[in-house]
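Colleague: The structure under discussion is supplied below as structure tokens; questions concerning it will follow.
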Amino acid sequence: MNPHRNDFMGVALAEAAAAAARGEVPIGAVVVAAGEIVARAGNRTRELLDATAHAEILVIREASKKLSAERLSEADLHVTLEPCTMCAAAISFARIRRLYFGAIDEKGGAVVSGVRFFSAPTCHHAPEVYPGMGEVESSAMLKQFFRGRR
């Protein structure tokens, strides 16, 4: 196993690969609580015709339903790409405990790039952030996907 990736990120990468197979941008996410996967999802924006159907939003919704909780303060999120502003806000509102992500998104990211949502004074909750988990695999998958689109 890659030392910069954990087993949960491996599952998120599998969700990203499944998203790519559906013609979606290959981003996958997993919510983990008490060391177990509670929910997993990949992007479905095209399939659902829903601009908010990012992997992070879908997996937070599923985890909230399964745990019967609006706030996931004991849960961790593993996602293959740095979350955008919308997803960072959802992570904050869901009170996710830790965020692990793969590739940095200099153009659309909002955690260590762009607006740096969790550093804003108006941010209600900032998770612990661990970038670079599975970065090589995540970046390669995204580059291959977009190379095929051009």
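The values are calculated or read from the model by the stated rules, or taken from the named source; none is laboratory data. All figures in this text were calculated on a predicted structure; none of them were measured in a lab. Every residue, glycine as well, gets a Cβ built from its backbone with ideal geometry; the counts of neighbours run over all protein chains shown. These accessible areas exclude ligands, DNA and RNA; they are computed on the full protein's heavy atoms, side chains included. Shrake-Rupley method; radii C 1.70, N 1.55, O 1.52, S 1.80 Å.
Colleague: For the structure I just gave you, tell me whether R46 is open to solvent by 50 Å² or more (accessible area, probe 1.4 Å), at pLDDT 95 or above, within 21 Å of A19 (Cα to Cα) and among the basic types (K, R). Step through it out loud before you land on a result.
Modeller: Numbers: open to solvent by 50 Å² or more (accessible area, probe 1.4 Å): yes; at pLDDT 95 or above: yes; within 21 Å of A19 (Cα to Cα): yes; among the basic types (K, R): yes.
For R46, the condition - open to solvent by 50 Å² or more (accessible area, probe 1.4 Å), at pLDDT 95 or above, within 21 Å of A19 (Cα to Cα) and among the basic types (K, R) - is met.
Colleague: Ok, one more. May I ask you to verify whether R71 is of a type outside the set (A, V, I, L, M, F, W, C), at positive phi and in a loop (DSSP other than H, G, I, E, B)? Spell out the reasoning first.
Modeller: On the way: of a type outside the set (A, V, I, L, M, F, W, C): yes; at positive phi: no; in a loop (DSSP other than H, G, I, E, B): yes.
It is false that R71 is of a type outside the set (A, V, I, L, M, F, W, C), at positive phi and in a loop (DSSP other than H, G, I, E, B).
Colleague: Here is a follow-up. Go through the stretch 62-73 and give me each residue that's in contact with a helix residue (DSSP H, G or I) (Cβ under 9 Å, 6 or more places away or on another chain) and touching a residue at least 12 places away in the same chain (Cβ under 8 Å). Before the answer, list the steps.
Modeller: Here is the first cut: in the stretch 62-73, the residues in contact with a helix residue (DSSP H, G or I) (Cβ under 9 Å, 6 or more places away or on another chain) are 69-72.
Passing the criteria: E70, R71, L72.
Colleague: Of everything in the stretch 126-150, what is in a helix (DSSP H, G or I), open to solvent by less than 70 Å² (accessible area, probe 1.4 Å) and of a type in the set (A, V, I, L, M, F, W, C)? Give them in sequence order. So that I can check it myself, show each step before the final result.
Modeller: Taking the stretch 126-150 first, the residues in a helix (DSSP H, G or I) are 135-149.
The next check asks that each one be open to solvent by less than 70 Å² (accessible area, probe 1.4 Å); those that pass are 137-142, 145, 148.
A140, M141, L142, F145 - these are the residues of the stretch 126-150 that are in a helix (DSSP H, G or I), open to solvent by less than 70 Å² (accessible area, probe 1.4 Å) and of a type in the set (A, V, I, L, M, F, W, C).
Colleague: Checking P83 against (1) open to solvent by 10 Å² or more (accessible area, probe 1.4 Å); (2) more than 18 Å from V136 (Cβ to Cβ); (3) under 10 Å from the mean Cα position of the chain (by Cα); (4) not β-branched (V, I, T), only one condition comes out false. Which one?
Modeller: Just one mismatch for P83, condition (1).
Colleague: For the stretch 43-58, enumerate the residues that are part of a helix (DSSP H, G or I) and within 14 Å of V79 (Cβ to Cβ). Steps first, please.
Modeller: Step one: of the stretch 43-58, the residues part of a helix (DSSP H, G or I) are 45-48, 55-58.
Passing the criteria: A55, E56, I57, L58.
Colleague: Only one of I91, I104, I37 is buried (at least 24 other Cβ atoms within 10 Å of the Cβ) and modelled with pLDDT of 95 or more. Can you tell me which?
Modeller: Values: I104 fails: buried (at least 24 other Cβ atoms within 10 Å of the Cβ); I37 fails: buried (at least 24 other Cβ atoms within 10 Å of the Cβ).
Answer to the check: I91.
Colleague: For G10, are the conditions met, namely being outside any strand (DSSP E or B) and at positive phi?
Modeller: Values: outside any strand (DSSP E or B): yes; at positive phi: no.
No: the conditions fail for G10.
Colleague: Something else now. P26 versus (1) outside any loop (DSSP other than H, G, I, E, B); (2) open to solvent by less than 70 Å² (accessible area, probe 1.4 Å); (3) not acidic (D, E): which is the lone unmet condition?
Modeller: Of everything listed in (1) outside any loop (DSSP other than H, G, I, E, B); (2) open to solvent by less than 70 Å² (accessible area, probe 1.4 Å); (3) not acidic (D, E), P26 misses just condition (1).
Colleague: Right, V115: in contact with a Ser or Thr (Cβ under 8 Å, 6 or more places away or on another chain) and either open to solvent by less than 20 Å² (accessible area, probe 1.4 Å) or more than 25 Å from A69 (Cα to Cα) (or both) or not?
Modeller: Numbers: in contact with a Ser or Thr (Cβ under 8 Å, 6 or more places away or on another chain): yes; either open to solvent by less than 20 Å² (accessible area, probe 1.4 Å) or more than 25 Å from A69 (Cα to Cα) (or both): yes.
Yes; evaluated as a whole, the condition is true for this residue.
Colleague: Please determine whether any residue of the stretch 48-66 is among the hydrophobic types (A, V, I, L, M, F, W, C) and farther than 23 Å from F145 by Cα.
Modeller: The first filter runs over the stretch 48-66 and keeps only residues among the hydrophobic types (A, V, I, L, M, F, W, C), leaving 48-49, 51, 53, 55, 57-60, 63.
Next, only the ones that are farther than 23 Å from F145 by Cα stay: 60, 63.
Among the residues of the stretch 48-66, at least one is among the hydrophobic types (A, V, I, L, M, F, W, C) and farther than 23 Å from F145 by Cα, which makes the answer yes.
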